[in-house]
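The values are calculated or read from the model by the stated rules, or taken from the named source; none is laboratory data. Remember, predicted model here, so these are calculated numbers, not experimental data. Counting neighbours? That spans all protein chains shown, and the Cβs are built from the backbone with ideal geometry, glycine included. To get the accessible areas, we keep the full protein, side chains included, count just its heavy atoms, and leave off ligands, DNA and RNA. Shrake-Rupley method; radii C 1.70, N 1.55, O 1.52, S 1.80 Å.
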Amino acid sequence: MRCLRGRFHFIFGVVLLCGVLPSAANDFKSSSQALYVVQPDVAHCSSGTMSDATRQSVLDTLNDIRRLHGLSAVKYDAESEAQEMQIALMMAANGQESHSPPASWKCFTKAGAEAAGQSNLYGGLVDPNLNFMSPQEEVIGWLTDANNAFANNVGHRRWLLDPFLTRVAYGKVAGVYDGDNFTDGSAIRVIYPFGSETANVTADMVAYPDGDYPNRYFDKRALLSFVVIADKTEKYANGDVDFSAAKISVTERGGARLDIKDVAYDNAGYGLPNNLQFRASSIKPYIVYDVAITGVKVNQQLRDYQYWFRIVK
């Protein structure tokens, strides 16, 4: 077994995904074929057509995750799917990924290049032992950001858990390519013109994880994160949040306090323009953890926040 170069990408990011034994890799063909009503033909720059079930699986997974965070469901943006399929095809054909693909790329289209800058990306891999990733696994991978090689980045998650997100479009091109090789490229559109639709925002914060949280959506390697929703009507009015003096505690209910490290914060515009992230040691399933984040300055006023989480089946 060897490791293949793999990617979960939002602005930058390369990770190592372990390869699989050839017998397992052979499942890639049948697994990928099940996603389509018209199969992709990467060699001839044809992206194929995904099935309704494939689209719905992405939407259902994302909306289930958003429900856990008290966020409104998003709808499927069918009109943007063709663009997402084009950037997925471009990555699959070139064995690379980029938010700014050059015109020299195989299967290049301007529409696909535009989609590259509006989307979370995965893939850009060509290998005979490529590990198949289902659409649901990709959404979860974007959520956990555990395979992002750049430390202290949860950019994919911030887009998926954007309270003001109202729609998404998805594209995936996967299959046999160049003889015995497999290839894969995927994209989900998460960036839309601000104000193009009105979101129903009711939550006061978004924490990961939060409440009873299914183990399938959690990775013990993942950073924990927290954002403040100070304004429920204007997305970019949420930038006046200062975490520089904030104190973080994560405590087993009735037990010990966990060590906190890798604390970082910013006001960059990945989703909401505020973000606090940190790592807590030794999170175990079925234990309630109480989180307190104190000393947060919101619109020049000090505020404290408390919530809890428990990893469950």
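Annotations for the structure displayed:
- Of residues in region 193-211 being part of a loop (DSSP other than H, G, I, E, B) and among the hydrophobic types (A, V, I, L, M, F, W, C), the one surrounded by the fewest Cβ atoms within 10 Å (Cβ to Cβ): PHE194
- Helices (runs of 4 or more DSSP H) contained entirely in region 49-158, each with at least 1 residues that are buried (at least 21 other Cβ atoms within 10 Å of the Cβ) and of a type in the set (Asp, Glu): 81-94, 135-144
- Failed item in (1) without any contact (Cβ under 8 Å) to a residue 60 or more places away in the chain; (2) over 25 Å from TRP159 (Cβ atoms); (3) in contact with a strand residue (DSSP E or B) (Cβ under 6 Å, 6 or more places away or on another chain); (4) open to solvent by 50 Å² or more (accessible area, probe 1.4 Å), with VAL288 passing the rest: (4)
- Where a residue in region 188-209 is of a type in the set (Ser, Thr, Tyr) and its partner, wherever it lies, is in a strand (DSSP E or B), with Cβ under 8 Å and at least six apart: TYR192/ARG167; TYR208/LEU224; TYR208/SER225; TYR208/PHE226
- Failed condition for GLY255, given (1) open to solvent by 20 Å² or more (accessible area, probe 1.4 Å); (2) at pLDDT 95 or above; (3) more than 17 Å from GLN277 (Cβ to Cβ): (2)
- If you check VAL20, VAL74, VAL58, VAL38 for being over 29 Å from PHE164 (Cα atoms) and at pLDDT 95 or above, only one passes: VAL38.
- A count restricted to region 260-274 and to residues that are part of a strand (DSSP E or B), open to solvent by 30 Å² or more (accessible area, probe 1.4 Å) and touching a residue at least 24 places away in the same chain (Cβ under 8 Å) stands at 1.
- Just one residue in the set ALA245, ALA222, ALA230 is open to solvent by 40 Å² or more (accessible area, probe 1.4 Å), out of contact with any Leu (no Cβ under 8 Å at 6 or more places or on another chain) and assigned to a loop (DSSP other than H, G, I, E, B); that residue is ALA245.
A quick yes/no check of all residues on (1) on the phi > 0 side of the Ramachandran plot; (2) in a loop (DSSP other than H, G, I, E, B); (3) of a type outside the set (D, E, K, R):
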site: ASP162; (1), (2), (3): no, yes, no
site: TYR170; (1), (2), (3): no, no, yes
site: THR183; (1), (2), (3): no, no, yes
site: ALA187; (1), (2), (3): no, no, yes
site: ILE191; (1), (2), (3): no, yes, yes
site: TYR213; (1), (2), (3): no, no, yes
site: THR251; (1), (2), (3): no, no, yes
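- Pairs, first in contact (Cβ under 8 Å) with a residue 12 or more places away in the chain in region 230-247, second in a helix (DSSP H, G or I) and of a type in the set (S, T, N, Q), C-beta under 6 Å, six or more apart: ALA230/ASN238
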